[in-house]
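J.: Provided herewith is a single structure, encoded as structure tokens, for subsequent inquiry.
Each reported figure results from applying straightforward, stated rules to the coordinates on display, with no laboratory input. Source: prediction; values computed, not measured. FYI the Cβ positions are ideal-geometry reconstructions off the backbone, even for glycines, and counts take in every protein chain you see.
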There are 2 protein chains.
Amino acid sequence: MSIDNAVKENNAESLLSDIAITAELADYSPVKGCMVIRPYGYAIWENIQRILDKMIKDTGHENAYFPLLVPESFLQKEAEHVEGFAPECAVVTHAGGKELSERYVIRPTSETIINHMFSKWINSYRKLNQWANVMRWEMRTRLFLRTSEFLWQEGHTCHATHEESKEEVIKMIHVYEDLLHNYLALPIHIGEKTESERFAGAVSTFSIEALMRDGKALQAGTSHDLGQNFAKAFDTTFTDSENKLVHVWQTSWGVSTRLIGAVIMGHHDEVGLILPPKIAPYQVVIIPILKKNLDNTKVLNQAKLFHKELTDLGLRVKLDDREQISQGIKFNEYEQKGVPLRLVIGERDLENGCVELHRRDIRSKEKDIQIAGLIERIVRLLDEIQSGLFTRALEYRKENTKIVKNIAELDSVLDSKSLGFARAMWNGDVELERILKEKFSASIRCMPLRPELPSDHPCIISGTVSPQNREILIAKAY
Amino acid sequence: MSIDNAVKENNAESLLSDIAITAELADYSPVKGCMVIRPYGYAIWENIQRILDKMIKDTGHENAYFPLLVPESFLQKEAEHVEGFAPECAVVTHAGGKELSERYVIRPTSETIINHMFSKWINSYRKLNQWANVMRWEMRTRLFLRTSEFLWQEGHTCHATHEESKEEVIKMIHVYEDLLHNYLALPIHIGEKTESERFAGAVSTFSIEALMRDGKALQAGTSHDLGQNFAKAFDTTFTDSENKLVHVWQTSWGVSTRLIGAVIMGHHDEVGLILPPKIAPYQVVIIPILKKNLDNTKVLNQAKLFHKELTDLGLRVKLDDREQISQGIKFNEYEQKGVPLRLVIGERDLENGCVELHRRDIRSKEKDIQIAGLIERIVRLLDEIQSGLFTRALEYRKENTKIVKNIAELDSVLDSKSLGFARAMWNGDVELERILKEKFSASIRCMPLRPELPSDHPCIISGTVSPQNREILIAKAY
């Protein structure tokens, strides 16, 4: 299906793979549910990694690396954890030509093995992070959004008190908010998950929830209050001020290559991918108009000069001077790849001291741009594109968020073509989650950290007003 | 065993783990043969990655990511490859709660799965690299030098002709030489492996061989000419200038976390680790001398000022102002951790406008260093330490390289305590490899790219002189 048609039909399934394949972000692999991340997609991941890694270190965490394999017996030490993850695990039963006496699982997440090490390292390494691959055997997979193997970072911390660990959980979910808002240009809601949606083994889970352009919500990152659950299972202790060994309070938090899926589905148009400049592998593509069998020296030299000037400013720039490819094909290729700015240099324009600039986000084409001041203009335009994408996504979310008082009102929101968030009050009755799932294929995405409804807004399911009611965001989700 | 004793007894086994554990580089894990890389060790890896990643990109390669799991059937497509790697593979037989219809191995290396993708991507992605974890189930493991799971980069390229691919093999082994010489301060020999030591599936393998301080050689990186072996097995083709589909010529090349083992065993002394400044997590540690129950403001302020000045220059600096730890313990800790420079600030010195500097490499202690000009002095000293370590290692290698004419001479070299390299001529008779293995537990490390012996030097095994003879380097190895 073409991207254009997929947009028109709101066929998210087709759209995601069409954009990802056309933009050469990823490809299907011969391993069930696993993808290949192609260079253009991996370059986005490297940009996200570089930005987030600095944030994680700036908040006092150190990187380390723990084994890929986890003894199967470790999973079983935390009852809810094994229940949640065992069905998704890939299991290594043979190695070195022999059947193993102890089976290993490929890490679906590393709480257990890290706690085993934490328990040896009493009073040191309180705040660790690891960049790694993990595996969760999924039945139904989609490029970037749900693959059996994915790349992520997982932070794991230990604290002396529950207050401290709860503070860390909130601090790190705000780090993710910073990443999504200021780099991926995706507005998110921070909120607490309901009990049924918690991480297996956590006391409480917070998530960031973004709205995709098809009106579905996407959980883009999580931060867990683990309480003392894993600490008790692995006897991870520290010496408190009274010289007693007590169990630590822990957190874990992660984001993954799913973020690339969030960017794809959060910013595309009917042509394809649109990348925020801060994470785009190339922020500017320079295309000199080359004429066959003619001397293109002037145009090429000017293109190289711009390339150097922009690169010297620290921008990421691609100069496409391939002769055998027509400019039309090039234009099309970089639009589908979502390159924020296209700078086109033709000989006639050059004689007039002009070039042509094309903005990918609004698909504007400005001819006759003066070369004088061009570099500053490009820098400014990239900022405008970055903030413009965020504003557009925020507007879209506003338009697609409805306040509802009862299930009947929900009907009109979740059945509408645009979908989006429904904001409501809830008394905590899990019956709502059953109704949402069965009737609407929807769920409570989170109980937002920053509530907006008045306190006298009635519960969506009971109709009552109570100080115990909590605000919720409902949506269909990936 | 203490590091001191291990050095005296030349007990490399104990030495490596003593240094790695004491310096907090790594720890043993509950997974057989796998280690945990602790933050201080991982920070070294991050520095190596940052340096090498730039070199790899600067030579025209792009990063990508391929699945961790490889269908077992893929390994079998290249006969020598499966023979070499199958016995070392960890096998996934179950996933998602079921037995799999197709078994997967955890990648021991990725030639097969990457070729499967290459064969789909005709005429694109000719030069790829991937940073990843790999697994080879080893019987006898050692921290960093031989672990069942390790981290590495693996480059994979396709070329139109054998000349081009051979050029790439040599280009990349020189990139590794640059990394080892100019960053890890470890002199290496580049050379071709003998047939028996080739990568399984390669036409030819080049390696870099470093000499450790216990006189053993370490293979620190490899670059393989794969010929068309994998291209034929996976039908990886391209359209040549005559518009015919022909098989590509391929290379692969990699270095791993083993490099950290090379640094440990290539630069230590009887106190422990010595790190080259260019890859040290901290290049300078600043230790203010704090007095209990007294006002330490002046000393602390000066320490913070130095920290800022050095950090602003782009240096990696740690300020250790912990009050409850004595300076003696701190001095010891950073010596064991191999921090290149220690800057000590005491109140009395400060009144005289002086500080104390300690060089880890030669364990010099200079008191009464004037604060005026200190920053420039530190920058210069770090350069001196970096080049000094390389020079020292090169001297050591010279002293421990002997030219031999026959097996009897070899006897005295390989039985001597210092071991080292023996340089000889060889007619290619594999009998030599058998003798080396059985009699000396040694091997031909490589046939060096830059030979040094005169052409009339006789073959070590036949005693004959022939233009067909090739120069070789013999050593005991890790």
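J.: Looking for something buried (at least 24 other Cβ atoms within 10 Å of the Cβ), in contact with a Cys (Cβ under 8 Å, 6 or more places away or on another chain) and more than 28 Å from A:Glu72 (Cα to Cα) - is there at least one such residue anywhere in the range A:115-129?
T.: no
J.: Taking the range A:77-104, which residues are touching a helix residue (DSSP H, G or I) at 6+ places or on another chain (Cβ under 8 Å) and more than 9 Å from chain B (Cβ to nearest Cβ)?
T.: Listed by number, the residues that qualify are A:Lys77, A:Glu78, A:Glu80, A:His81, A:Val82, A:Phe85.
J.: Residue check, A:Asp368 against (1) in contact with a strand residue (DSSP E or B) (Cβ under 7 Å, 6 or more places away or on another chain); (2) farther than 30 Å from A:Ser17 by Cα; (3) in a helix (DSSP H, G or I); (4) not β-branched (Val, Ile, Thr), all met but one. Which one?
T.: It is condition (3) that A:Asp368 fails.
J.: A further question on this structure: So which residues in the range A:33-52 are part of a loop (DSSP other than H, G, I, E, B) and more than 8 Å from every other protein chain (Cβ to nearest Cβ), if there are any at all?
T.: Correct list: A:Gly33 only.
J.: Just wondering, is there one or more residues in the range A:57-73 that are under 23 Å from A:Val169 (Cβ atoms), more than 8 Å from chain B (Cβ to nearest Cβ) and in contact with a helix residue (DSSP H, G or I) (Cβ under 8 Å, 6 or more places away or on another chain)?
T.: Scanning the range A:57-73 turns up at least one residue that is under 23 Å from A:Val169 (Cβ atoms), more than 8 Å from chain B (Cβ to nearest Cβ) and in contact with a helix residue (DSSP H, G or I) (Cβ under 8 Å, 6 or more places away or on another chain).
J.: Given the criterion surrounded by fewer than 23 Cβ atoms within 10 Å (Cβ to Cβ), among the aliphatic types (A, V, I, L, M) and within 30 Å of B:Ala6 (Cβ to Cβ), identify the matching residue among B:Val271, B:Val255.
T.: Among B:Val271, B:Val255, only B:Val271 is surrounded by fewer than 23 Cβ atoms within 10 Å (Cβ to Cβ), among the aliphatic types (A, V, I, L, M) and within 30 Å of B:Ala6 (Cβ to Cβ).
J.: Which one of these is touching a residue at least 12 places away in the same chain (Cβ under 8 Å) and either acidic (Asp, Glu) or farther than 30 Å from A:Gly463 by Cβ (or both): A:Arg423, A:Arg397, A:Arg377?
T.: A:Arg377
J.: If you go through the range A:167-186 one residue at a time, how many are touching a Ser or Thr at 6+ places or on another chain (Cβ under 9 Å), surrounded by fewer than 24 Cβ atoms within 10 Å (Cβ to Cβ) and not in a helix (DSSP H, G or I)?
T.: 0
J.: On to the next question. Output the residue which, of all residues in the range B:127-164 that are within 11 Å of another protein chain (Cβ to nearest Cβ) and assigned to a loop (DSSP other than H, G, I, E, B), is nearest to B:Pro108 (Cα to Cα).
T.: Within the range B:127-164, the match that is nearest to B:Pro108 (Cα to Cα) is B:Arg136.
J.: Scan the range B:116-126 for residues that are at the interface with chain A (Cβ under 10 Å from one of its Cβ atoms), within 17 Å of B:His159 (Cβ to Cβ) and touching a residue at least 60 places away in the same chain (Cβ under 8 Å) and report the count.
T.: Residues in the range B:116-126 being at the interface with chain A (Cβ under 10 Å from one of its Cβ atoms), within 17 Å of B:His159 (Cβ to Cβ) and touching a residue at least 60 places away in the same chain (Cβ under 8 Å): 1 in total.
J.: Still on this structure, please answer the following. In the range B:1-32, how many residues are outside any helix (DSSP H, G or I), out of contact with any strand residue (DSSP E or B) (no Cβ under 9 Å at 6 or more places or on another chain) and not aliphatic (A, V, I, L, M)?
T.: Qualifying residue count, the range B:1-32: 5.
J.: Oh, and also: Would you tally the residues in the range A:281-298 being in contact with a Pro (Cβ under 8 Å, 6 or more places away or on another chain) and either exposed (fewer than 14 other Cβ atoms within 10 Å of the Cβ) or farther than 27 Å from A:Glu384 by Cβ (or both)?
T.: Matching residues across the range A:281-298 total 1.
J.: Please count how many residues of the range B:232-252 are buried (at least 24 other Cβ atoms within 10 Å of the Cβ) and polar (S, T, N, Q).
T.: Residues in the range B:232-252 being buried (at least 24 other Cβ atoms within 10 Å of the Cβ) and polar (S, T, N, Q): 3 in total.
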